[in-house]
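Structure first, commentary second.
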Amino acid sequence: MTSALDARGVSFGYGDRPVLDNVSLSVGRGQVLSLLGPNGSGKSTLLKIMLGLLQPKSGTVLVDRQPIGTLTVKQRARKMAYVPQAHMLSFPYHVLDVVLLGRLAHQSFLESYSTDDKRIAAEMLKRLGIEHLALRSYTEISGGERQLALIARALAQEAEVLVMDEPVSGLDYGNQLRLLQEVRRLATDGYTVIKTTHFPNHAFLSSDAVLLLHHGRVLARGLPAEVMTTDTLRQLYGVDVEIVPREDGLLYCVPMSSSTWR
Amino acid sequence: MASGELKNVMADPSMASRDMDVTVRKLPWLCGLVLFLAGLALLSLGVGRYAISTAELSRFFLSLVSGVPLLDETRYHELKNVILEVRLPRIIAAILIGAGLSVSGAAFQAMFRNPLVSPGLLGVLAGASFGAAVAMLMGDQWIIVQVSAFAGGLVAVLLSLGIARIYRADSLLMLVLGGIISTGLFTSLLSIVKALADPYNQLPAIVFWLMGRLSAVDAATVLSLALPMLLGVGMLMLLGKYLNALSMGDEEAQTIGVNVPMIRTAVILSATLVSALTVSMAGMIGWVGLVIPHIARLLVGPDNHVLLPASALVGAVFLLIVDDVARTLFNVEVPIGVATELIGIPVFILVLRNLRAGWLS
């Protein structure tokens, strides 16, 4: 299996405060990697470094086996797309206009959107089932729909690696599960997905690999079932949980039965 | 677009190109605005204390173009003086200034992700006013006042950029703070200049300059400043699609392949060039850069690709109308900067009511 994205010995700090200490990871093509860790464990910083938004103090990030430092912003955008948390914008752009921005990385400086660009944007909306929103204002649609629109923009970028920052945050329960299914589907279609999450269950459901980040260090990484155990989750979050297998083999994580819940 | 049409587009993505092309959809608006502006400019030639009828106007232009005398000699020269020496430069200046301030405002609003931002945010207007006032203190040579105004505007913006740079932050917030500091500094420096000015001659001159006036614009000024202004406005218009990206936030813009520092510098420099030149031409003209982008957004939507040209046209129309009103309504000409404020404020209140943008909710 070839790796789509590697981080090798990445360290980072703000001033004297270390945020990441010698973090390495590798994601194979078509795989979903979930990053788990408590607040302040360095997940977001790691994402930013992988996207090239922050320079690591030491270590390198390779996308498609090329160090990202050697790529221009545009070349990077063609290999790697970022899906931020669904946000609000100050201006009511059409959803289609937002998705079209994904095509910028494929244009020269003064070119305007070609027929192909518009076709690709429309296709990506359709693929995510939100084509009916094309000419609605981004500011008027729901949080779940905005998240899908941002994924459509990332797909329009035609990058192989998708980096998602807590893609389910702020979505209702149904939309969370639908979004995780969408992530699975993208991996099946050959996309490589790296996402942060706060939910072990979501990692069990949707990922091929998990990386646990604790105080900026890798606590464990590997298959979800091997990595997320009662022990590691206690270390990570300071709570007692139980990992229970369902009949079909899917694991899920529930709080330890205790009198404090009654 | 009607919902039925939209269904067709989605059923057949190849249709997308034609029907969903924002530029094409909004083209009628842009064309309409161009025609309206052209008509208004022609009409404005006849408007003023010295009224000229449309019939006489057309006869004058016919004789000017063909060389065949259709008017009597003295009348022809009289008209030539009024129209070509006085009114035409003034109308062109109004168009350039209205367009320049509006485009700069629209670009800044997108870049700073804030619809309440105006072109003066980084201190260009305060700096230019100070520059002009200092020059008036030194003497009353028109050209020096203009150059000094322009230089003052540039220095003020460079100061804001420098302050933001000290903290190594490429963040917008530091830039805004730099702008506040720079504006404050140059506003107080302006007060010092006012205090030092001779209260009988210089002070009134400075005060009137700060109210903005198109009456002082001559053909030479327009000829020398038009090209750089058009360059700045054109540059901003070309950056439309990148402004859309910047309004998503800097980090996102970078991940979709935009060289954020480069584009931001280009936007700031172009907008500064244009805004400083408007002050060089006609002093301080407020509210245009804040209000007009909102009106344009109501007409054509927020996509900067279309919004910037639309803002330019609406701004030009607006300032031309305000100037026509200012020079005909009363016996004494109302300073244009005061007139834009008086008219801009109620317009802004009306526009605010109709805004459907997310930031109001």
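The values are calculated or read from the model by the stated rules, or taken from the named source; none is laboratory data. Computed from a predicted structure; not experimentally measured. Don't worry about glycine lacking a Cβ; one is built from the backbone with ideal geometry, like all the others, and counts go over all protein chains shown.
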Quiz item: (1) part of a helix (DSSP H, G or I); (2) away from every other protein chain (no Cβ under 14 Å); (3) not charged (D, E, K, R): which one isn't true of residue B:294, the others all being true?
Solution: (2)
Quiz item: Taking the condition at pLDDT 90 or above, over 22 Å from residue A:88 (Cβ atoms), aromatic (Phe, Trp, Tyr) and part of a helix (DSSP H, G or I), does residue B:348 pass?
Solution: no
Quiz item: Taking residue B:241 and the conditions (1) of a type in the set (Lys, Arg); (2) within 17 Å of the chain's Cα centre (by Cα); (3) within 14 Å of chain A (Cβ to nearest Cβ), which numbered condition does it fall short on, given that it satisfies the others?
Solution: (2)
Quiz item: Among B:230, B:246, B:239, which is the only one that is of a type outside the set (Val, Ile, Thr), touching a residue at least 12 places away in the same chain (Cβ under 8 Å) and surrounded by fewer than 23 Cβ atoms within 10 Å (Cβ to Cβ)?
Solution: B:230
Quiz item: Within the range A:81-112, can you find the residues that are within 8 Å of chain B (Cβ to nearest Cβ), under 13 Å from residue A:152 (Cβ atoms), among the small types (Gly, Ala, Ser) and not in a helix (DSSP H, G or I)?
Solution: A:81
Quiz item: Can you name every residue in the range A:64-80 that is assigned to a strand (DSSP E or B) and within 15 Å of the chain's Cα centre (by Cα)?
Solution: A:80
Quiz item: For the subset of the range B:249-273 comprising residues that are surrounded by 20 or more Cβ atoms within 10 Å (Cβ to Cβ) and among the small types (Gly, Ala, Ser), which member is nearest to the other protein chains (Cβ to nearest Cβ)?
Solution: B:257
Practice problem: Could you check how many residues of the range A:36-51 are out of contact with any Gly (no Cβ under 6 Å at 6 or more places or on another chain), crowded, with 22+ Cβ neighbours inside 10 Å and not hydroxyl-bearing (Ser, Thr, Tyr)? | Solution: 6
Quiz prompt | Restricting the range A:181-198 to residues that are closer than 14 Å to residue A:128 by Cβ and either touching a Pro at 6+ places or on another chain (Cβ under 8 Å) or polar (S, T, N, Q) (or both), the residue that is surrounded by the most Cβ atoms within 10 Å (Cβ to Cβ) | solution = A:183
Quiz prompt | Among the candidates B:90, B:75, residue that is in a helix (DSSP H, G or I) and over 30 Å from residue B:194 (Cα atoms) | solution = B:75
Quiz item: Of the residues in the range A:61-82, how many are modelled with pLDDT under 95 and closer than 15 Å to residue A:20 by Cα?
Solution: 0
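Conditions tested, residue by residue: (1) closer than 15 Å to residue A:4 by Cα; (2) part of a helix (DSSP H, G or I).
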position	(1), (2)
A:27	yes, no
A:30	yes, no
A:35	no, no
A:38	no, no
A:41	no, no
A:48	no, yes
A:55	no, no
A:59	no, no
Quiz prompt | Per-region count, the range A:79-97, residues touching a residue at least 12 places away in the same chain (Cβ under 8 Å) and hydroxyl-bearing (Ser, Thr, Tyr) | solution = 2
Practice problem: Look through A:223, A:219, A:211 and report the one residue that is farther than 30 Å from residue A:126 by Cβ and under 13 Å from the mean Cα position of the chain (by Cα). | Solution: A:211
Practice problem: Answer yes or no: is there a residue in the range B:102-113 that is aliphatic (A, V, I, L, M), part of a helix (DSSP H, G or I) and within 12 Å of residue B:272 (Cα to Cα). | Solution: yes
Quiz item: Out of all the residues in the range A:198-227, which are touching a residue at least 40 places away in the same chain (Cβ under 8 Å) and under 18 Å from residue A:29 (Cβ atoms)?
Solution: A:206, A:207, A:208, A:209, A:210, A:211, A:221
Quiz item: Taking residue B:51, is it among the aliphatic types (A, V, I, L, M), loosely packed, with under 14 Cβ neighbours inside 10 Å and either closer than 20 Å to residue B:323 by Cα or free of Cβ contacts under 8 Å to residues at least 24 places away in the same chain (or both)?
Solution: yes
Self-check item: Single residue of B:103, B:34, B:82 found to be more than 21 Å from the chain's Cα centre (by Cα) and either among the β-branched types (Val, Ile, Thr) or crowded, with 16+ Cβ neighbours inside 10 Å (or both)
Solution: B:82
Practice problem: Search the range B:1-31 for residues being away from every other protein chain (no Cβ under 14 Å) and loosely packed, with under 14 Cβ neighbours inside 10 Å, and hand back the single one that is modelled with the highest pLDDT. | Solution: B:31
Exercise. Inspect the range B:199-209 for any residue being at the interface with chain A (Cβ under 10 Å from one of its Cβ atoms) and surrounded by 21 or more Cβ atoms within 10 Å (Cβ to Cβ) and give the result as yes or no.
Key: no
Quiz item: Within the range A:6-24, is even one residue in contact (Cβ under 8 Å) with a residue 60 or more places away in the chain, under 18 Å from the mean Cα position of the chain (by Cα) and closer than 24 Å to residue A:153 by Cα?
Solution: no
